[in-house]
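Engineer: Below is the structure I would like to discuss, written out as structure tokens.
The values are calculated or read from the model by the stated rules, or taken from the named source; none is laboratory data. Bear in mind the structure is a predicted one, so any value in this text is a computation, not a measurement. Here the Cβ is made from the backbone with ideal geometry for all residues, glycine too, and neighbour counts use every protein chain on show. These area figures cover heavy atoms from the full protein model, side chains too; ligands, DNA and RNA do not enter into them. Shrake-Rupley method; radii C 1.70, N 1.55, O 1.52, S 1.80 Å.
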Number of protein chains: 4
Amino acid sequence: MLNFVNDYSEGADPSILKRLAETNMDQLPGYGGDEYTAHAKKRIRQACGCPEADVWFLVGGTQTNQTVIDTITPRWAGVVAATNGHVNVHEAGAIESTGHKVLTVPGHEGKLDPDRLDRFCADFYADGNYEHMVFPGAVYISHPTEYGTLYSKAELEAIAKVAHRYDMPLFLDGARLGYGLAAEGTDVTLEDIARITDVFYIGGTKVGALFGEAVVFTKGNTPKHFLTLIKQHGALLAKGWLLGLQFDTLFTDDLYIRIARNANNMAAQIRTALDARGYRRVYHSTTNQTFIVMSQPTIDRLSEGVGMGFLEKYDDTRSVMRICTSWATTQGHVDQLISLL
Amino acid sequence: MLNFVNDYSEGADPSILKRLAETNMDQLPGYGGDEYTAHAKKRIRQACGCPEADVWFLVGGTQTNQTVIDTITPRWAGVVAATNGHVNVHEAGAIESTGHKVLTVPGHEGKLDPDRLDRFCADFYADGNYEHMVFPGAVYISHPTEYGTLYSKAELEAIAKVAHRYDMPLFLDGARLGYGLAAEGTDVTLEDIARITDVFYIGGTKVGALFGEAVVFTKGNTPKHFLTLIKQHGALLAKGWLLGLQFDTLFTDDLYIRIARNANNMAAQIRTALDARGYRRVYHSTTNQTFIVMSQPTIDRLSEGVGMGFLEKYDDTRSVMRICTSWATTQGHVDQLISLL
Amino acid sequence: MLNFVNDYSEGADPSILKRLAETNMDQLPGYGGDEYTAHAKKRIRQACGCPEADVWFLVGGTQTNQTVIDTITPRWAGVVAATNGHVNVHEAGAIESTGHKVLTVPGHEGKLDPDRLDRFCADFYADGNYEHMVFPGAVYISHPTEYGTLYSKAELEAIAKVAHRYDMPLFLDGARLGYGLAAEGTDVTLEDIARITDVFYIGGTKVGALFGEAVVFTKGNTPKHFLTLIKQHGALLAKGWLLGLQFDTLFTDDLYIRIARNANNMAAQIRTALDARGYRRVYHSTTNQTFIVMSQPTIDRLSEGVGMGFLEKYDDTRSVMRICTSWATTQGHVDQLISLL
Amino acid sequence: MLNFVNDYSEGADPSILKRLAETNMDQLPGYGGDEYTAHAKKRIRQACGCPEADVWFLVGGTQTNQTVIDTITPRWAGVVAATNGHVNVHEAGAIESTGHKVLTVPGHEGKLDPDRLDRFCADFYADGNYEHMVFPGAVYISHPTEYGTLYSKAELEAIAKVAHRYDMPLFLDGARLGYGLAAEGTDVTLEDIARITDVFYIGGTKVGALFGEAVVFTKGNTPKHFLTLIKQHGALLAKGWLLGLQFDTLFTDDLYIRIARNANNMAAQIRTALDARGYRRVYHSTTNQTFIVMSQPTIDRLSEGVGMGFLEKYDDTRSVMRICTSWATTQGHVDQLISLL
């Protein structure tokens, strides 16, 4: 059966497996002290146009969000996110389990609005009781968002401006960053993200790697003793070179962007077909995720031939469904899907 | 200057101070192992009509909320509260600092709506991804609420029914419970609360005691090793008899209700005067708190003579202000206030 | 029956109750924003000879240890204590519940040895794997210790020197500080403690107050947003003036030291009697606690007339018992005890 | 240069890489919902002789210890371990960061002694103050230990008996389990471990896998909502089949034991050579780790040709060094090492 359920259904770009095989019996130091990791860090710093960036490799997205947010957010503070933010909804309380509240601001198409963020913080400090409340201590955004939408450069800059005005680092969850960077029409580059945010990560798990997320601290702001903190969060991989090697590969010859672009192109074809057939799309996505309002009969019919994701109830009779392409989606898959629609 | 800022501005009912003085040089066992504490527990069990209730004394409200919620809520779960709930807004993240998310449902006049709670839980378990989310694991309500409003018996029963259907204990924050029980028109008795909820507390700090909250587990459901858990939360008072003695006094000759009724009567007089003078009240409170929409000039004028509390902005030019009476409010205070209005 | 079980068996010095009664119906701002609290802070700063000291009032000892240690110890670090330290043994895991390990160094008569502390830290940083270990991040000592022993000024200075060499604040638990300051032969003054340590507290619960501990940050090193952190730990007392008023009283006319001296004098009489009768004492205490090795028959005989504390098994047939005087112990109590011995 | 530093310096058994390559473009459900994972669980249940065992796959050792201990240990309790236990020393406080104290009992050759454990628990419950202390709530042992030593079946049974007498689950850290099961002279089988312990894990990272640990709950005792708890700990791998596939391979045709036996055989050759040359060994290891007391000149000389691990200072002039073989160690490596010795 066709599978458009998510973007982590396949292994890795074959070139990654090849390098794992080639280096398999090399004897390498653990915990990221190896040359491949050093090399991957160098490539990422270059790609970010940020020679002073500090790069770390973790295994998964929730783990990364948990480790980063816990270590950049002061004890008296929470992290501000859009209400629909992954850290607020789909991480099983990983953030709160480290003692931090997720403070929410209603999002728009999954995005945090700089003005609403500003008002949230202004209201906080205007409240005579604010010392009895959870301080806004860091800002979390995802790019692309959980709805496949993208910030513009101006929007990111506006959010960063507000964040910094209230002494909060801006953290960008890039679990699907490749799909955002490769999106048609985006004016946001990796260099922009490195310049604008304080810390972000480049998702590997959903963009061509077996697993792995590259965390980038861009402003000399790595939390002190970060390796110890990673270990304390249970997030330190013994064979760290497995991460270094994958990201070194992804950042060679622009592989990361090339495979992401494939996913976006496939999604664009699907969207064209959906529109032509009169499906109602929601959220303005130019990335690998496409959201459609579907009635239950349509869902039932399609589900016989293709796996899709369920996002949420739209109304009593319809649901918002997700069609998700990935770096591994082929033209054949897409043609089959379109013929089913 | 007149002070209607809150209900914890004075010490204790004089009879409490008297007993503290009388027993001051008695040599008593620590940590609540004394006779006064035993006696106070007995009186509370009687007042609750719940001979099997298990009673504990803690020092303050946030401390009690933190200790109870942390110990009744499973590790994989959060506590459901109205968005405006004290635990969600004004406890500096005390709940999250123990690892639990506060899951919010929009309230109505500060109250949690049983239908909305039901829908929240139903939606949770209907979501295919619920294992990646924070389970609803306990329900928090306050009675009176932060807005001075009260649940009816039917409402409490409806909430308990939903809570229990989803395997959640119902916890009632009674920081101001006396004012609720003594309110005109309420159909909720202390016995009802003991019967309907799984755990609740009887607030002393705001109702006649120097400090202290009496936690009542009503269904043989005290968390195992609760004394150790209290200690671990930093909440175990060495001279526990200070708590026992105060609650023993408050539950002698109905003192707790009598002094609470005084506060409500004073508030009723104030409300009559406010209404007569055309002030616009919000929230239907029959307890000691009264909320009024006031323009800034009115606030400025009144603030010269009387301390009030600020709740929130109402619109660009007006605010919601709180006038709060207490067990210690006198007719003289009220007369002065009314002449100022 | 005679009670020498502990030093928190009575209420408060009568002058404290008197002031509570006098001020009972005053209307005061909450959370320590009142004048009595301000005044108490001023008196404590003066007594410490430390005009820039920052003083806070909490309710109990474990609560204070938990709040202070959690907020002065970095996330990647634990607190170093003598193995027998109260935070390591008798606080139900309150420190670990905030995420910090208690790192232990064997004590000598309850005291942390500066050389052992030095070696512990030196070994830590010499270990090639130290980044995988819990950093020593703060130092905890108690004065008097749990065994009634006292540090000399030179010892405190030596510990502080080691602590600061390894970038650790020195925190002194003064739950029984009065008994230490008033001890015969000590060369340690309150001013010394303020000068040498980074943060300490002056115990009220065990020295004349109903409850309360005064935390003193001596080097402009109060954790940022400490009031919020206190609240988050469930440790903020609504009627904060109850603490301020008690400490204001204790630090008027040297009351705190005078009543502590009484306890020490009573203990000295008991020790003289014990020695004369051939009891074997352990630990060199000049404070209010006296430890004696007793056989079970002796314990059984004495227990009919006097309550004592059990410290630990000494060997298969004997135990170490504690006789504890307090600010409230009278000559009559002591005479009775001596006649029993 | 020769590398005997540790047992996680190489990738994976080539058959694992082969299967990863074969299945790379399969579309599989995430989070362990795939067939390979189901199959691996089945194989492990069979190998354990425990059809009702519940098997879960996590990524790394510290992560597994943290997740399992946090979820099997009650809130009021800590986990008991030998003082040298990995969770007490080398996990950066991962256990404490979840709120649990590590309670320590001195080990013997790295092993927890059942009698000492018994005494520790008996003393705890005999202490009149035990409600103010951290309860022993679970038992942690490693097999092989951090020193390469092994428990006998009788020792494991004795520990389990004590643990269960005090209502504690027994958790066995099997990060190097293969080397223990394949050790010459051991009388402990995988079936024994499944029968005796309550939960244990089969280490993959150090025994032939790229990464991965298989957690086995043997008594119907999986913590409720364990998947959610794994997610909350940041430990849920999106592409869970990577774990399933590896363990399925390791448990096919006894691969896990065969490759572990190789490591042990290589270590045995090294030990024979060390003994013949008069090196002083410490700890009675029959597994892949060998510990030798070496003077600094010897260390310096050898370090030019071979990487070894440092365990600890032995005395002022000598250290305990570790020579560690692995599933990947070849006869050539060993011959070279022996010629250097």
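Engineer: Determine whether D:F171 is modelled with pLDDT of 95 or more, in a strand (DSSP E or B), open to solvent by less than 10 Å² (accessible area, probe 1.4 Å) and more than 27 Å from D:A328 (Cβ to Cβ).
Structural biologist: The answer is yes for D:F171.
Engineer: Return the residue satisfying two criteria in turn: it lies in region C:2-22 and is in contact with a Leu (Cβ under 9 Å, 6 or more places away or on another chain) and more than 7 Å from chain B (Cβ to nearest Cβ), and of such residues it is farthest from C:W327 (Cα to Cα).
Structural biologist: That would be C:R19.
Engineer: If you don't mind, there's one more thing I want to ask. A:G203: over 29 Å from A:R271 (Cα atoms), open to solvent by less than 30 Å² (accessible area, probe 1.4 Å) and in contact with a strand residue (DSSP E or B) (Cβ under 7 Å, 6 or more places away or on another chain), yes or no?
Structural biologist: No, not satisfied.
Engineer: To continue, here is another question. If A:D26 passes every condition in (1) open to solvent by 20 Å² or more (accessible area, probe 1.4 Å); (2) closer than 23 Å to A:V188 by Cα; (3) of a type in the set (D, E, K, R) but one, which one does it miss?
Structural biologist: Answer for A:D26: the failing condition is (2).
Engineer: Here is a check on your reading of the model: is C:V188 away from chain B (no Cβ under 13 Å), surrounded by fewer than 23 Cβ atoms within 10 Å (Cβ to Cβ) and aliphatic (A, V, I, L, M)?
Structural biologist: In short, yes.
Engineer: When you check B:M1 against the structure, is it of a type outside the set (D, E) and modelled with pLDDT under 95, yes or no?
Structural biologist: yes
Engineer: Please state which one of B:L243, B:L255, B:L250 is more than 30 Å from B:L340 (Cα to Cα) and within 14 Å of another protein chain (Cβ to nearest Cβ). Explain how you work it out, then say what you get.
Structural biologist: Working: B:L255 fails: within 14 Å of another protein chain (Cβ to nearest Cβ); B:L250 fails: within 14 Å of another protein chain (Cβ to nearest Cβ).
Only one candidate qualifies: B:L243.
Engineer: In region D:318-332, how many residues are more than 9 Å from D:F4 (Cα to Cα) and either touching a strand residue (DSSP E or B) at 6+ places or on another chain (Cβ under 6 Å) or within 14 Å of chain C (Cβ to nearest Cβ) (or both)?
Structural biologist: 4
Residues are listed down the side, and each one gets a yes or a no for (1) away from every other protein chain (no Cβ under 12 Å); (2) free of Cβ contacts under 8 Å to residues at least 60 places away in the same chain:
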| position | (1), (2) |
| --- | --- |
| C:P74 | no, no |
| C:V79 | no, no |
| C:H86 | no, no |
| C:S97 | no, yes |
| C:E109 | yes, no |
| C:D115 | yes, yes |
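Engineer: If we keep just the residues of region C:216-232 that are outside any helix (DSSP H, G or I) and either within 13 Å of chain B (Cβ to nearest Cβ) or open to solvent by 10 Å² or more (accessible area, probe 1.4 Å) (or both), which is farthest from A:V134 (Cα to Cα)?
Structural biologist: Ranking the candidates gives C:K219 first.
Engineer: With respect to D:F211, determine if the residue is outside any strand (DSSP E or B), open to solvent by less than 30 Å² (accessible area, probe 1.4 Å) and aromatic (F, W, Y). Please lay out each step first, then the result.
Structural biologist: On the way: outside any strand (DSSP E or B): yes; open to solvent by less than 30 Å² (accessible area, probe 1.4 Å): yes; aromatic (F, W, Y): yes.
Against the criterion (outside any strand (DSSP E or B), open to solvent by less than 30 Å² (accessible area, probe 1.4 Å) and aromatic (F, W, Y)), D:F211 qualifies.
Engineer: Of the numbered conditions (1) touching a residue at least 40 places away in the same chain (Cβ under 8 Å); (2) within 19 Å of D:T186 (Cα to Cα), D:R271 fails exactly one; give the number of that condition.
Structural biologist: Looking at each condition in turn, D:R271 falls short on (1).
Engineer: Is at least one residue of region A:310-321 open to solvent by less than 20 Å² (accessible area, probe 1.4 Å) and either farther than 15 Å from A:Y279 by Cβ or in contact with a Ser or Thr (Cβ under 7 Å, 6 or more places away or on another chain) (or both)?
Structural biologist: As a first pass, look at region A:310-321 and keep what is open to solvent by less than 20 Å² (accessible area, probe 1.4 Å): A:319-321.
Now narrow it down to the ones that are either farther than 15 Å from A:Y279 by Cβ or in contact with a Ser or Thr (Cβ under 7 Å, 6 or more places away or on another chain) (or both): none.
Looking through region A:310-321, none of the residues is open to solvent by less than 20 Å² (accessible area, probe 1.4 Å) and either farther than 15 Å from A:Y279 by Cβ or in contact with a Ser or Thr (Cβ under 7 Å, 6 or more places away or on another chain) (or both).
Table: residues versus (1) under 22 Å from C:G60 (Cα atoms); (2) touching an Asp or Glu at 6+ places or on another chain (Cβ under 7 Å).
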position	(1), (2)
C:L243	yes, no
C:T272	no, no
C:R277	no, no
C:H284	no, yes
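Engineer: Another question about this same structure. So, in region D:322-341, exactly how many residues are in a loop (DSSP other than H, G, I, E, B) and surrounded by 13 or more Cβ atoms within 10 Å (Cβ to Cβ)? If you could, list the steps in order and put the result at the bottom.
Structural biologist: As a first pass, look at region D:322-341 and keep what is in a loop (DSSP other than H, G, I, E, B): D:325-330, D:341.
If we keep only those that are surrounded by 13 or more Cβ atoms within 10 Å (Cβ to Cβ) too, we end up with D:325-329, D:341.
Here the count works out to 6.
Engineer: Let me ask something else. Tell me, which residue of region D:83-103 that is touching a strand residue (DSSP E or B) at 6+ places or on another chain (Cβ under 6 Å) and of a type in the set (V, I, T) is surrounded by the most Cβ atoms within 10 Å (Cβ to Cβ)?
Structural biologist: Among residues in region D:83-103 that are touching a strand residue (DSSP E or B) at 6+ places or on another chain (Cβ under 6 Å) and of a type in the set (V, I, T), the one surrounded by the most Cβ atoms within 10 Å (Cβ to Cβ) is D:I95.
Engineer: OK, next. Answer with yes or no whether C:D26 is at negative phi and part of a helix (DSSP H, G or I). First the steps, then the outcome.
Structural biologist: On the way: at negative phi: yes; part of a helix (DSSP H, G or I): no.
No.
Engineer: Go through D:Y36, D:Y8 for me and flag whichever is in a helix (DSSP H, G or I) and of a type in the set (F, W, Y).
Structural biologist: D:Y36
Engineer: Moving on. Please indicate, with yes or no, whether at least one residue in region B:47-58 is within 11 Å of another protein chain (Cβ to nearest Cβ) and either more than 23 Å from B:D7 (Cα to Cα) or not hydrophobic (A, V, I, L, M, F, W, C) (or both).
Structural biologist: For region B:47-58, residues within 11 Å of another protein chain (Cβ to nearest Cβ) and either more than 23 Å from B:D7 (Cα to Cα) or not hydrophobic (A, V, I, L, M, F, W, C) (or both): absent.
Engineer: Can you tell me which residue in region D:246-280 is surrounded by the most Cβ atoms within 10 Å (Cβ to Cβ), limited to those that are of a type in the set (F, W, Y) and within 22 Å of the chain's Cα centre (by Cα)?
Structural biologist: D:Y256
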